[in-house]
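Input: a single structure, listed below in structure tokens.
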Amino acid sequence: MTKNDTNRAETLIQALPYLQQYQGRTIVVKYGGNAMINGELKEAVIRDVVLLACVGIRIVLVHGGGPEIEALLKALGKESRFIQGLRYTDEETMEVVQMVLCGKVNKDITALIQRAGGRGIGLSGLDGGLLRAHRLKAGGEDLGLVGEIEAVDAALLNTILDAGAIPVISSVALGTGDDAGKSLNINADTAAARIACALGAEKLILMTDVQGILRDVRDPDSLIKVIPRPELDALAASGMVSKGMIPKAECCALAIDGGVKRAHIIDGRLPHALLIELFTDEGIGTMIL
Ligand code: ARG
């Protein structure tokens with residue numbers, strides 16, 4: 001037996017309390033960014049997810065697909081317009097969003113799950129009316145077909161989870177009211193947070209392209225590993241949290257305030273970030289309690 005063998009066994013043993021704790025619990029993972037573009041990373045992330053399902057964690061995957069939407073819009077010669085970081089979505093853009101998210105990205109992920117030996121059920125917020133939404137007004141600005149979730153059908157997700165499958169959800173919702181039956185474009189981070197609240201999830205995990213929340217944006221060694229929820233607002237207001245991180249931090253706050261026990265921001269570019277965050281004491285990103 002080599003030292004290496006012992007290390008490997010120790011890794012598993014360190015995971016034991018967490019394996020016990022998470023057994024039968026729900027964890028919602030928002031998957032996006034570079035971890036979704038790079039093929040090798042993508043397979044690694046999906047294998048991690050299948051492993052989590054395999055050890056009895058009820059895992060829900062929520063995905064975006066900004067870069068792929070961008071690429072198709074560009075190929076079609078359509079300009080993207082952003083208002084306060086949100087894509088202005090006219091009808092034509094919404095069609096492309098739906099094609100890319102519900103058609104391509106969603107099915108690519110479910111196929112990868114199957115290939116890794118898991119069972120992925122891909123669905124959008126339209127399917128079974130899983131996500132219902134009304135139009136989002138960002139400070140009175142018209143964003144077009146951009147929605148804000150008002151209801152999540154948790155029972156539908158629980159049926160899939162009870163069957164031992166992994167729901168893979170694209171962030172397109174079914175409009176209500178004046179937009180009844182229309183597709184609305186939803187920010188995937190917020191969708192994941194709302195879904196986590198509706199399921200009474202143990203955790204929300206946002207996979208991003210940054211390490212987590214840094215005390216100093218220019219210093220990669222300044223990662224804040226743990227932030228108690230009450231300190232999050234002050235931190236965001238202090239200007240220390242970078243611009244791109246603020247909506248992520250807000251999503252975490254939304255989840256915690258909605259009853260989710262912990263929210264994590266991790267770097268999806270690091271191989272097996274999910275497993276390291278979940279199954280080690282140290283973790284790899286920022287955890288909000
Ligand atoms: N594995 C533990 C958990 O999921 C601890 C993670 C610690 N992570 C951190 N960023 N401090 O709850």
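What follows is calculated from the coordinates using simple rules that are stated; it is not laboratory data. Just so we're clear, the structure is a prediction, and the values are computed from it rather than from any experiment. Cβ placement follows ideal geometry from the backbone for every residue including glycine, while neighbour counts extend to all protein chains displayed.
Key figures for this structure:
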{"read-out": "Ratio of Rg to Rh over the stretch 216-274 (Cα coordinates, Kirkwood Rh, two decimals)", "value": "0.96"}
{"read-out": "In nm, spacing of pseudo-spin labels at Lys74 and His134 (7 Å Cα→C-beta vector)", "value": "3.7 nm"}
{"read-out": "Förster-model FRET efficiency, 35 Å R0, Arg119 and Leu289, C-beta, rounded to 0.05", "value": "0.65"}
{"read-out": "Percentage, to the nearest whole number, of Cα pairs in the stretch 1-57 over 16 Å apart", "value": "58 percent"}
{"read-out": "Calculated log₁₀ intensity ratio I(q)/I(0) where the Debye formula runs over C-alpha points of the stretch 100-187, q = 0.16, 0.21, 0.22, 0.25 Å⁻¹", "value": "-0.65, -0.95, -1.00, -1.16"}
{"read-out": "Ratio of the Cα radius of gyration of the stretch 73-122 to 2.2 N^0.38 Å, where N counts its residues", "value": "1.48"}
{"read-out": "Binned Cα-Cα distances of the chain, short to long, each 10 Å bin given as a whole percent", "value": "7, 28, 37, 22, 5, 1, 0"}
{"read-out": "Charge dipole (the chain, unit charges on Cβ, about Cα centre) - positive-most of Gly259, Ile186, Gly144", "value": "Gly259"}
{"read-out": "Residue-span extension gain [Asp219 to Met240] - 0.36 nm each, minus C-alpha spacing", "value": "6.4 nm"}
{"read-out": "Entries in Lys182/Lys261; Lys137/Lys182; Lys30/Lys107; Lys137/Lys243; Lys137/Lys225; Lys42/Lys261 that, when Cα-Cα distance is taken, lie over 24 Å", "value": "Lys182/Lys261; Lys137/Lys225; Lys42/Lys261"}
{"read-out": "Bridge type composition, the chain - antiparallel percent by DSSP, nearest 5", "value": "35 percent"}
{"read-out": "Helical contribution to [θ] at 222 nm, DSSP H n ≥ 4, -39,500 (n - 2.57), averaged over the chain, rounded to 500", "value": "-12000 deg cm²/dmol"}
{"read-out": "Computed E for Ile37/Glu141 - FRET, C-beta separation, R0 25 angstrom, nearest 0.05", "value": "0.30"}
{"read-out": "Degrees, to the nearest 10: 66-75 long Cα axis against longest axis of the chain", "value": "40 degrees"}
{"read-out": "DSSP bridge pairs, the stretch 7-128: antiparallel proportion in percent, nearest 5", "value": "25 percent"}
{"read-out": "Stokes-Einstein D for the stretch 91-246, Kirkwood Rh over Cα pairs, 25 °C, 0.890 mPa s (µm²/s)", "value": "140 µm²/s"}
{"read-out": "When the stretch 146-235 is reduced to its Cα atoms, the Kirkwood hydrodynamic radius in Å", "value": "15.8 Å"}
